[in-house]
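Trainee: Sharing a structure below in structure tokens format, with a few things to ask.
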Amino acid sequence: MTSDFLTISNLFISFGGIKALQDISFSMAQGEIFSVIGPNGAGKTTLFNCISGLYRPDTGSIRFEGTAIEKKKPHAIARLGIARTFQNIELFSHMNTMENIMLGRHIHMGTGLFRGMFMWGRHSFAAREEIRHREHVERIIDLLELQNVRDFPVGALPYGTQKLIELARALALEPRLLLLDEPCAGMNQEEKQDMIFWIKDIQDDLGITILLIEHDMKLVMDISDRVLAINFGQPVTLGTPGAVQQNKEVRKAYIGEEEQDGPSAVG
Amino acid sequence: MDMKRGYYEDVQLVTSPVVFFWLVVLLVTLLLFPFVVSNYYVYVANYIAINIIVAAGLNLLVGYTGQISLGHAGFFAIGAYGTVILMAKAGMPFLLALPCAGLVAAGFGFLLGLPALRLEGPYLAIATLGFGLTITQVIGRMTLFGGREGLHAPDLVIGPWAVDTDRQFYFLLIGMTVLLLLGMRSLIKTRVGRAFIAIRDADIAAQTMGVNIVFYKTLAFAVSAFYAGIGGGLYAFVLRFIEPEIFTLMMSIMFLAMVVVGGLGSLMGPVVGAGLLCWLDLKLRNILNIPFLGDWLETLSRSWFSITGVSNIQYIVFGSIMVAIMLFEPLGLYGVWLRTKQYWRTWPF
């Protein structure tokens, strides 16, 4: 494992007077599942937005496989192989499931304006490319068991299914780094269990490195290789799930001041 | 629903023998149409076809990419003047001058698309409105464009074919309209069109999936302007004479109305929208000639409006019809089609 896969050093960003992130530094090794935890408003999603290029940090650097990406545009970062999902679902609500996931293939396709306008017959460049990439998407649909919603507009689908389609769309990009922003939020136990298996599968079978934000402590502790806890935009502790779980400040942030007969473990 | 057997079925035009049959019927009807109706209706069809081209282009911008333009009369004017000047002053043949003028319009569309990156909704509407008004002012004041006197369109000759009647022009127009609509459909079903729709539905997600929204937003403006420019270039030969006064703000608004009345973000929406509104526009000009209703409206307007009110009756009726359509079918005429289709699919339940 190399540890220069994703390296974040001394990241600062503030909005007006609010210091959203202060001095965040960590590096990820290829192939691991790395989780970021913290209470609401701690700056977890802000961190994701910095990595995916939606926010530009005030100071500090983000390097992905040796390339500085903190000043790059979101679409350029996607081309480097970083895909993400969103906490509040950001699907293309008028497209069907297939078309939504097809957008994940955007950077791998070459049909431009002219070849797009002249899709005449199944042997035209655009049609052949559509067919090839739809086959690829179909494999992802099979993996995540989305066959029965394949041709439905996504806007009307259940919440848990929409979350899965977001994951499928991110996978279609063939990322090397996948950012998952609360993939289990709002899911029931059964759906959560499935999601945990899929995340493990994505790591093991597809070899994708995963950076995860999640509130469900059990899930985080089960699947993470390492955990970073942040609070008020500042790093609290970084280590193995067990160590982070035992950290005093983490417990304070999550369950308040420890009482005499307080719960013995977080979650 | 039929089972799909291949991925090409997701994107192909002719999905079943039934669709093929109706497409053939449509084409044959279009080809026979000018032989069975009077000259006037051929002229009406030409007028509608041109508006369909512009509305289809505007729909790409408004319906699919989620931007707005109140300046399409400007691109329309650029296309019309561009074609006429390239033919008359640069001696280009029509089939070269028309796409060139379209590309000039697309260039202006690209330029207008740049400020549009930072503007949304009402702000973008005003910026594009300003563009449309500026174009007519500039054209009206330059001698190259004939100033206020306007320009006469040169004779239209394509190779050995002298296109000098509405009926002959009809075939040229129908060919181009069908071609441009097929191009639009194909574009929407493939990578670039998907990127447009993605920007409309969730621009942040589109960016993080690798869509360069600066590029695609300006591209949408350019393609939309190209369609308007082609429409304008053809319009010059329907009128045979162009002057700045034709390309008014009202024209831009009518283009937008066609797209909205027809149904935003649907392929056939602009076609039926342009068809209906052009037809109404031409028909309502003679509203006072309709037996009984005309007399009644005339009496009404004489007793309730000023004497000039009579000529405004057509706009009042026109406006009322538009309000009624939007009130009862917010999705536009496309919504009616969707519900009809749904009804027959589930019939008799």
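Trainee: In contact (Cβ under 8 Å) with a residue 60 or more places away in the chain, buried (at least 22 other Cβ atoms within 10 Å of the Cβ) and in contact with a Leu (Cβ under 8 Å, 6 or more places away or on another chain): which single residue out of A:L173, A:L164, A:L211, A:L146 fits that description? Full working, then the answer.
Mentor: Values: A:L173 fails: in contact with a Leu (Cβ under 8 Å, 6 or more places away or on another chain); A:L164 fails: in contact (Cβ under 8 Å) with a residue 60 or more places away in the chain; A:L146 fails: in contact (Cβ under 8 Å) with a residue 60 or more places away in the chain.
Checking each option against the conditions leaves just A:L211.
Trainee: Taking the range B:160-219, which residues are within 20 Å of B:T29 (Cβ to Cβ), basic (K, R) and within 14 Å of another protein chain (Cβ to nearest Cβ)? I'd like the intermediate steps shown before the answer.
Mentor: From the range B:160-219, those within 20 Å of B:T29 (Cβ to Cβ) are B:166-182, B:185; that's our starting set.
Next, from what is left, pick out any that are basic (K, R): B:167, B:185.
Within the range B:160-219, just B:R185 meets the criteria.
Trainee: Report those helices (runs of 4 or more DSSP H) wholly inside the range B:13-112 carrying at least 2 residues which are polar (S, T, N, Q) and surrounded by fewer than 24 Cβ atoms within 10 Å (Cβ to Cβ). Break it down into steps so the answer makes sense when it comes.
Mentor: Numbers: elements: B:17-36, B:39-59, B:72-88.
Of the helices (runs of 4 or more DSSP H) lying wholly inside the range B:13-112, those with at least 2 residues that are polar (S, T, N, Q) and surrounded by fewer than 24 Cβ atoms within 10 Å (Cβ to Cβ) span B:39-59.
Trainee: I'd like to verify a number: residues in the range A:186-242 that are farther than 23 Å from A:L144 by Cα, assigned to a strand (DSSP E or B) and of a type in the set (A, V, I, L, M), how many?
Mentor: Of the residues in the range A:186-242, 6 are farther than 23 Å from A:L144 by Cα, assigned to a strand (DSSP E or B) and of a type in the set (A, V, I, L, M).
Trainee: Moving on to the next point. Output yes when any residue across the range A:45-57 is within 12 Å of chain B (Cβ to nearest Cβ), over 19 Å from the mean Cα position of the chain (by Cα) and among the aliphatic types (A, V, I, L, M), and no when none is.
Mentor: Taking every residue of the range A:45-57 in turn, none turns out to be within 12 Å of chain B (Cβ to nearest Cβ), over 19 Å from the mean Cα position of the chain (by Cα) and among the aliphatic types (A, V, I, L, M).
Trainee: Could you please let me know if B:T143 is over 28 Å from B:L187 (Cβ atoms) and in contact with a Pro (Cβ under 7 Å, 6 or more places away or on another chain)? So that I can check it myself, show each step before the final result.
Mentor: Values: over 28 Å from B:L187 (Cβ atoms): yes; in contact with a Pro (Cβ under 7 Å, 6 or more places away or on another chain): no.
No; evaluated as a whole, the condition is false for this residue.
Trainee: When only residues in the range A:82-97 that are of a type in the set (A, V, I, L, M) and at pLDDT below 95 count, which is farthest from the chain's Cα centre (by Cα)?
Mentor: As a first pass, look at the range A:82-97 and keep what is of a type in the set (A, V, I, L, M): A:82-83, A:89, A:91, A:95.
Now drop any that are not at pLDDT below 95, which leaves A:89, A:95.
On the way: A:I89: 12, A:M95: 22 Å.
Among residues in the range A:82-97 that are of a type in the set (A, V, I, L, M) and at pLDDT below 95, the one farthest from the chain's Cα centre (by Cα) is A:M95.
Trainee: I'm trying to understand the selection: among the residues of the range A:95-108, which are surrounded by 24 or more Cβ atoms within 10 Å (Cβ to Cβ) and more than 7 Å from chain B (Cβ to nearest Cβ)?
Mentor: Hits for the range A:95-108 are A:T97, A:N100, A:I101, A:R105.
Trainee: Any chance you could count how many residues in the range B:269-297 are among the acidic types (D, E) and loosely packed, with under 14 Cβ neighbours inside 10 Å?
Mentor: Filtering the range B:269-297 down to residues among the acidic types (D, E) leaves B:281, B:295.
From the residues that got through so far, the ones that are loosely packed, with under 14 Cβ neighbours inside 10 Å too are B:295.
Residues in the range B:269-297 being among the acidic types (D, E) and loosely packed, with under 14 Cβ neighbours inside 10 Å: 1 in total.
Trainee: Moving on. Say we look at the range A:116-132 and pick out the residues that are within 8 Å of chain B (Cβ to nearest Cβ) and under 24 Å from B:Y227 (Cβ atoms); which of these is modelled with the lowest pLDDT? It would help to see each step written out before you state the result.
Mentor: So in the range A:116-132, the residues within 8 Å of chain B (Cβ to nearest Cβ) come out as A:116-120, A:122, A:126-127, A:129-131.
Imposing the further condition that a residue be under 24 Å from B:Y227 (Cβ atoms) reduces the set to A:116-120, A:126-127, A:130.
On the way: A:G116: 89, A:M117: 90, A:F118: 88, A:M119: 84, A:W120: 81, A:A126: 91, A:A127: 91, A:E130: 92.
Out of the qualifying residues, it is A:W120.
Trainee: Right, something else. Go through (1) more than 7 Å from chain B (Cβ to nearest Cβ); (2) in a loop (DSSP other than H, G, I, E, B); (3) surrounded by 20 or more Cβ atoms within 10 Å (Cβ to Cβ) and name the single condition A:F92 misses.
Mentor: (1)
The values are calculated or read from the model by the stated rules, or taken from the named source; none is laboratory data. These figures come from a predicted structure and were not determined experimentally. Glycine gets a Cβ as well: all are built from the backbone with ideal geometry, and neighbour counts include every protein chain shown.
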